[in-house]
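Participant: Below you will find the structure I want to go over with you.
Each reported figure results from applying straightforward, stated rules to the coordinates on display, with no laboratory input. Quick caveat, the model's predicted, so the values are computed rather than measured. Positions of Cβ are backbone-derived with ideal geometry, glycine not excepted, and every protein chain shown enters the neighbour counts.
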Amino acid sequence: MVTTTSDRPSHTYDSRFDLSKTIEHAAHLLPAQGPIEVFVHHNTLHAFEHLPFDRAVVAGLKVHGASPYLPEDHYRRQLAVGRIQVAALESVLLEQLGETADLLVASLGTRYALRLAMLQFSLRTGNQAELSWVIAETDALRKFCGDVPTDVRRRTIEDIQRWITTRDTRPAGRPSTDPTTDGLTRILSDLLPRFGSNSSALWNDRQWESFVLQLLWQICCHGVESADRCSVRTSGEESESEARQAVRKEMGVVVNNVLIQFCSSFLDQGFANWELPERSRGFFQTFLSHYCRAYCSPTPWLNELQREATRIYELKLSPMQSICESIGLRGIADDDREAFIERMLLALPGWAGMIWQMETNAEWAVHPAPKGSLTEYLAVRLIAERAAERAFARDLAAADAHDEIHSEETISRSLNGLSLRNRQRAFTVFQLAQVRGWNPRDLHHLSAKQWAALIHELDAFDSLERRRVYHKAYEKKYRDDTLQALLAHNRDGGLRKNHPASRAVFQVVCCIDDREESFRRHVEEVEPRCETFGVAGFFGIAMYYRGVTDAHFRPLCPVNIKPQHFVSEEPVYSMSRLSERQAVTRRRIGRATHQAHLGSRTFLGGLLTGLLGSVAAVPLVARILFPRTASRIRKQLGRIVRPAATQLRIERLAETPGDSNGQLGYSVAEMAGIVEGGLRAIGLSVTERISPLVLICGHGSGSINNPHESAYNCGACSGGRGGPNARAFSQMANDHRVREILAERGLTIPHDTHFVGGYHNTCDDSLTWFDLDLLPIRLRDQFEQAQSVIDEARARSARERCRRFVSASLAISPADALAHVEGRSEDLSQARPEYNHATVALSFVGRRAWSRGLFLDRRSFLTSYDPTQDGPDSHILEQMLRAVIPVCAGISLEYYFSTVDNEAYGCGNKLPHNLTSLLGVMTGAASDLRPGLAAQMVEIHEPMRLLFVIETTPDTMMRIIDDNPPIAQLIRGDWVQLAVYQPDQSRMDLYRDGRFVPIADTDVRLPRVSSSEEWFGGRREHLGFAAIETTSV
Amino acid sequence: MTPDEFYYAFGIGVVAAPAVLLAVFGLTSLVGLPLSERSMSKFTEASVVIGLISAVAILGMMLALDDRHVPLEIGNWVAIPQQHFHFHLKLVFDRLSVPFVILSFVLCGTIGAFASRYLHREPGFYRFFLCYAFFLLGMVISTLAGTIETLFLGWELVGLSSALLVAFFHDRLNPVRNGLRVWTVYRIADAAFLLAALSLHNLTGAGDFDGLMGTGAWPEGHATITESNALLVGLLLLVAAAGKSALIPFSGWLPRAMEGPTPSSAVFYGSLSVHLGAFLLLRVSPILEVSVVLSGIVVLVGMTSAVFGALTARVQTDIKSALAFASLTQVGIIVAEIGLGLRYIALIHIIGHACLRTLQLLRAPSLLHDYHSMENAIGSHLPHRKSLWERVLNVRIRHWFYRFALERGYLDAVLDEYIVRPFCATFRWCNRMEKKWTDFLSRGADEKP
């Protein structure tokens, strides 16, 4: 970097270095979701993660125009049903205002009281038409709002009554020249005749009420107006006229259409039969060479584009030069360049983001984009914008002419009465005055300055600020409930009670995923003598895996890890012949399917398939009307061509790992390391505690007709399915050589212990076990018992899930529930195969003993960690949190943002989605790419920042935060909430503004139920905590 | 009961089932008692099952009794003797309408079952099923129509519901825009249809297809009008069919219609309403026979559309547009078959194509999944073989074709630029003139300050 270029105030914009940096900087604002087949949950506002949460969401509002919190009326509804409590609002407000809470506003009350009133009562507002309608057509000026307490209402009316009847005697000491009194007289002289001025004594209550309100409304209007006169007027921004905006919009549409079409062709991963010719020349050159062709431009717009493309093509400008030229031609000032480039890239954020991802992060894809594609895209976008400007110059001129005609009308409209802004303000004051019981006369005596102060105060507490307070109160309620529930649950020795007295009959190790919470809870309920654990679902095995019928290796580990090891599944040795024949058949079927797939869309192939197409009616009808049966038949057929018995190639023979045949797998020492790490992490490292049967369950989710399928899979396996990891872990832990090494290191696995790997499909709640042939015969009985426990548990868990699906009856039996969820996973028409992480709100890290028997409503990640087995430096915890905090936070924040603004942050409604370029979904026929989560995935989610409860001491946690910048960024920036818990001492500390504050036990009593089903039965809504009695050991 | 009475009962059943469904959906909302999702899907199911059973029963009786042409009169609704006009509802069951009506019931029924789960909890659930009921009734009426007016009635119902469903997500800009575009094209088609109907009345004195096609049952009828008359009416009907079936030059709307929820796209633009134009041509196929020129034009329009569709489908990168153009290809071929007089083949082709395309469109979101399973089966990335075009044509021409296909033949752009824009400009000019004129007139009376 040459300092001279950046330091001098440049007039010519030729410092390319800066430009590419600017583009790269702007690129970070783009959505970071790659191809949809590897959907990885991450913080949607990753670009602003260095800011505190509250500021970041406002930055998101500025950059993406996306709402930072839920809509205000949503919070108000929550307030009405008690999900937000007034007490919480009060405490959040007090905390936020601090010293300034007692500030007096225009002698009407304190700032705190004013703000609380604005939060507590629903103040209506709206645009011009809405407001006029409310004032003219509703009872707004006839009856006090419903929120006003009766005594306040009576007091106000009586006061005015007294005053009106005695108004002739002017209060002494007030000079008659007082302009306010004149104003009042005028209002009264306007108002009184309408009510029959002479007979005010005869007015009934209704008339009085109406009179008071009309008086109040007039006074508010006058007051706001007077305030407006005395405040410094800011000249209104020169905004574009409507007609001009319409033309601009149209321009945006044509430019976007060309770019959408071209981007999707350029990025296509092999869907279109014809590839974009010469795509290897890069985005810019290919675009120019396509659009500079003659005889291709029948409209003025395409014509302009062709002219511009030809000119640049012939000048042989590089993309950078072209960008500089475009910026110059457009006359963008130096200071605005960055903002301009951001705006241009954010015009189609989805496509631009995908180009950036394909260029930087998708070397594994079939057609990654070459480096610099985003810059080239920007260059093309600027060219297209310019061409559109020219092509639409005629229409813009016409629009201006049109405006001259209409401008007269607009002016006359705005002069008539108050401006919209002031009308809204007046209406707010009007409503506040009612609920706060402000006397109209007092209001009238306010000076213009006081009015200005009042209005300033109201404006300062705008909708954004109000929503922030609501949101904090919304989170506070759930946080308080959770922390108190934990304290209450362990008050009478829950921890001791839940500690196993002897060896558990079997142990289940699941992923930390919130969807496994109900499964684990039900297993514990059905068999109280068992134990369950949670660990990140790749079980410490970071590998590239290829199944027996898979074409490629795919990574099964968190995204931030690059695996070194390759593992593949093979048919068992004795069946390898048969398996080869099956592979040949599969290949033939695959080729034929591919041909049919392509052929049905061509001319001749289509003719043939069209004539024979009536056959398609059979699968069509069968799969829609009888999804479960149809899928069984398909699975039976599929079984013919897939090997019946397989094994994992897990032990490596060669020195170094790799993907060729001899290099697959792990060395024994590596295996020992993995097993030791896994067992120690979950605190299963004491010989006496390891039960004879340890079941390791990976998880994933199978659904059909769902482009977002991989978003439902295991987050710790980068959107893959964790079954193979569980299988590999069990195989390693069963290896006697591994056990010998472990014994040397002080971790003795009992001889009679056997590990079994399994795969839990969270969509249809099925469980598949691997390598059962290797199970020792003496354990068969125990395994079968465990299996029946698990079958019962997954049926109950399915029933618990069904309470969330409106299409399932609340009275459904566990067996029917299982059938229901199976049907869902096989149903082509099911837009909600499962609810995935929706409702997730908590993440517990610590011993299961203190959360066991507590009903968590599938809302908590559960990571097992035993501080008593960790060293004094808490190394295990630190290792664990490095993965757990960012991963859980990423999931919860993606859900947060997709929920608060589903259109801007999420991908909107799933129903019109259209898969494009094999990369992502568009909405409808042609639109921007839509990253994020669909409305159907988040509809029951309560957007809150994830609350971590970690079993450790405040000091240890502080140390970990200090030593790990990624964790510190999330916690210090309030992207997650954090509490540390020491159940032995019943001590809970909440992290707040850089330190831990002790939380007092408020002596809450938890509801006690005999089983989960008793608590959730018959209810669909979010449920509170309850203690389940049967699950203690 | 005599066979005729059975025919009558079942015939009424076929039409009444969707009509009652529409009445139930419409009336309950009119009186402010919206039905629950569950009861709406139950009603739909019942209606489709009754309709389907009746249709199959008629088919069975026709086969058993060897009837090939069963007309049913449902009364004269409007009669203006002075003008020699009567509007009577007449249904015809023959070899064309019976398979078509069964197809409609099967596909609509399947889609109804699909949509009742797919649109679960959707705010527009009710609206969708109301449009669906309109569509089903429209399809049944137009397939069974025995007079051209009856056909027009069904045709309009189908058009209205289709356009409304394209604009189903009316809180977004694109669906509304595209819905409007579809509606506009439909109106042009409707206008041509009406003109054709009027000319037919003029020529034959009635709108009955019997009168027009002679006495033979479909497809053996022979038209009784002269060649030049046939050409005129036939061309108008071809415009109507081209609008409805998205043939050239109206093809631009077909991919745009993919804005609605997947099931409606599948059943309407993938399978049923896109074939309605072809059905119309089949219905009036005796006219085509009369005029060789007309047949030639039909074949030409069909083949051009088919080639255009095949070409354009090859460059589409999104699944729904690709399927839309693939549909267009087949519809074009079907129309060409009709022009060539291959009526049974065309009918079989329509049925096969409709079933296949519906399935493909419903499964569209599975595309990635399908690609993965194909890759896994083959054991490598999918082979991308260079097609004949890519091997034979030189680069320049290939570029040109690619661009042509990518821009979808410039059809929409050209229509917008050279038809819509002058049209709008003319009326804007009229508006301005009127304003000036009224200003001029009112200035004397109401002088502004």
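Participant: Note down the relative contact order for chain A as a percent, whole number, built from C-alpha pairs under 8 angstrom at least six residues apart.
Facilitator: About 16 percent, as a whole number.
Participant: Can you put A:THR375, B:THR204 in order, fewest other beta carbons within 10 Å first?
Facilitator: If I rank by nearby Cβ atoms, fewest first, I get B:THR204, A:THR375.
Participant: Let me ask another. With angles folded into 0 to 90 degrees, how steeply does helix A:576-599 sit against the dominant principal axis of chain A? Use alpha carbons for both and round to 10.
Facilitator: Long axis of A:576-599 versus the principal axis of chain A: about 40 degrees.
Participant: Still on this structure, I have one more. Give, in nm to one decimal, the length gained when the segment between A:ALA80 and A:HIS552 is fully stretched (0.36 nm per residue of separation minus the Cα-Cα distance).
Facilitator: Roughly 164.5 nm would be gained on extension.
Participant: Starting from the Cα of B:LYS435, draw a straight line to each of the lysines and keep only those under 16 Å, dropping any in the same chain fewer than 8 residues away.
Facilitator: Hits, sequence-local ones excluded: B:LYS448.
Participant: Also, I was wondering about something else. Taking θ = phi - 60°, what integer Hz values does the Karplus form 6.51 cos²θ - 1.76 cosθ + 1.60 yield along segment B:394-406, in sequence order, with x for Gly and Pro?
Facilitator: Per residue, the Karplus-derived 3J(HN,Hα) values read 7, 4, 4, 5, 5, 4, 4, 4, 4, 4, 4, 6, 4 Hz.
Participant: Further, regarding this structure: Sorted by mean Cβ packing within 10 Å, highest first, what order do the peptides A:210-223, A:889-902, A:85-98 take?
Facilitator: Ranking the peptides A:210-223, A:889-902, A:85-98 by packing returns A:889-902, A:210-223, A:85-98.
Participant: If you find the alpha carbon centre of segment A:79-154 and of segment A:636-686, how far apart are they in angstrom?
Facilitator: So the two Cα centres are separated by 63 Å.
Participant: Fully extended, how many nm does the chain gain between A:ARG737 and A:SER667 (0.36 nm per residue separation, minus their Cα-Cα distance)?
Facilitator: Gain in length upon complete extension: 24.1 nm.
Participant: Taking amide hydrogens as modeled 1.01 Å from N in the peptide plane, which residues meet the under 5 Å criterion relative to A:GLN647, leaving out close sequence neighbours?
Facilitator: A:GLU570, A:VAL572
Participant: Set the Förster distance to 56 Å, then compute FRET efficiency between A:SER241 and A:ASP481 from the Cβ-Cβ distance, nearest 0.05.
Facilitator: With R0 = 56 Å, the Cβ-Cβ based efficiency is 0.60.
Participant: Please work out the Cα center distance from segment A:814-848 to segment A:323-394, rounded to the nearest Å.
Facilitator: 41 Å
Participant: Something else: Ranking B:CYS131, B:CYS424 by Cβ neighbours within 10 Å, fewest first, what do you get?
Facilitator: So the residues, fewest neighbours to most, are B:CYS424, B:CYS131.
Participant: Under 5 Å between amide hydrogens, which residues at least 5 positions from A:TYR991 or on another chain qualify, with H placed 1.01 Å from N in the peptide plane?
Facilitator: Residues meeting the criterion, in which the H sits 1.01 Å from N, are A:LEU978, A:ALA979, A:VAL980, A:VAL997.
Participant: Still on this structure, please answer the following. Under 14 Å from the Cα of A:LYS249, which aspartates and glutamates turn up, not counting those fewer than eight places away in the same chain?
Facilitator: The qualifying aspartates and glutamates are A:GLU240, A:GLU385, A:GLU389, A:ASP395.
Participant: In sequence order, what are the phi-derived ³J(HN,Hα) couplings for segment A:893-903 according to the Karplus relation 6.51 cos²θ - 1.76 cosθ + 1.60 with θ = phi - 60°, rounded to whole Hz, with x for glycine and proline?
Facilitator: Listing the rounded values in order: 6, 4, 5, 4, 5, 5, 7, 5, 9, 5, 6 Hz.
Participant: Taking just the alpha carbons, could you work out the radius of gyration and Dmax for the protein assembly as shown, both in angstroms?
Facilitator: 36.4, 112
Participant: Taking only Cα atoms, what is the 0 to 90° angle, nearest 10, from helix A:319-330's long axis to the longest principal axis of chain A?
Facilitator: Approximately 10 degrees, to the nearest 10.
Participant: For A:PHE566, enumerate residues with amide H under 5 Å from its amide H, sequence gap 5+ or separate chain, H modeled in the peptide plane.
Facilitator: The answer is A:TYR544, A:GLY658, A:GLY665.
Participant: Output wanted: per-residue J couplings in Hz (rounded whole) for segment A:671-682, from phi through Karplus 6.51 cos²θ - 1.76 cosθ + 1.60, θ = phi - 60°, x for Gly and Pro.
Facilitator: Result, rounded to whole Hz: 4, 4, x, 5, 5, 4, x, x, 5, 5, 4, 8.
Participant: Projected area of segment A:688-846, taken from the Cα convex hull and averaged over every viewing direction, in nm²?
Facilitator: Projected area, direction-averaged: 11.4 nm².
Participant: About the Cα centre of the protein assembly as shown, what is the dipole size in debye to 20, counting +1 per Lys and Arg Cβ and -1 per Asp and Glu Cβ, all else neutral?
Facilitator: 980 debye
Participant: A further question follows. Largest first and to the nearest Å, give the Cα extent of segment A:515-582 along each principal axis.
Facilitator: Ordered largest first, segment A:515-582 gives principal extents of 47, 33, 17 Å.
Participant: Take the alpha-carbon centre of segment B:85-141, take the same for segment B:313-376, and report the distance between them in whole Å.
Facilitator: So the separation of the two Cα centres works out to 21 Å.
Participant: So, one more: Taking the simple approach of a point 7 Å from Cα along Cα-to-Cβ for both A:GLU95 and A:GLU250, what is their distance in nm?
Facilitator: Placing both labels 7 Å along Cα→Cβ, they lie 5.3 nm apart.
Participant: Rule-of-thumb check for segment A:790-939: C-alpha Rg over 2.2 N^0.38 Å?
Facilitator: 1.29
Participant: Mind checking the log10 I(q)/I(0) for segment A:599-643 at q = 0.30 Å⁻¹? Debye, one equal scatterer per Cα, no solvent, two decimals.
Facilitator: For segment A:599-643 at q = 0.30 Å⁻¹, log10 I(q)/I(0) is -0.90.
Participant: Please find the FRET efficiency linking B:ASP439 to A:ARG162, where r is the Cβ-Cβ separation and R0 is fixed at 41 Å, and quote it to the nearest 0.05.
Facilitator: The computed FRET efficiency comes out at 0.15.
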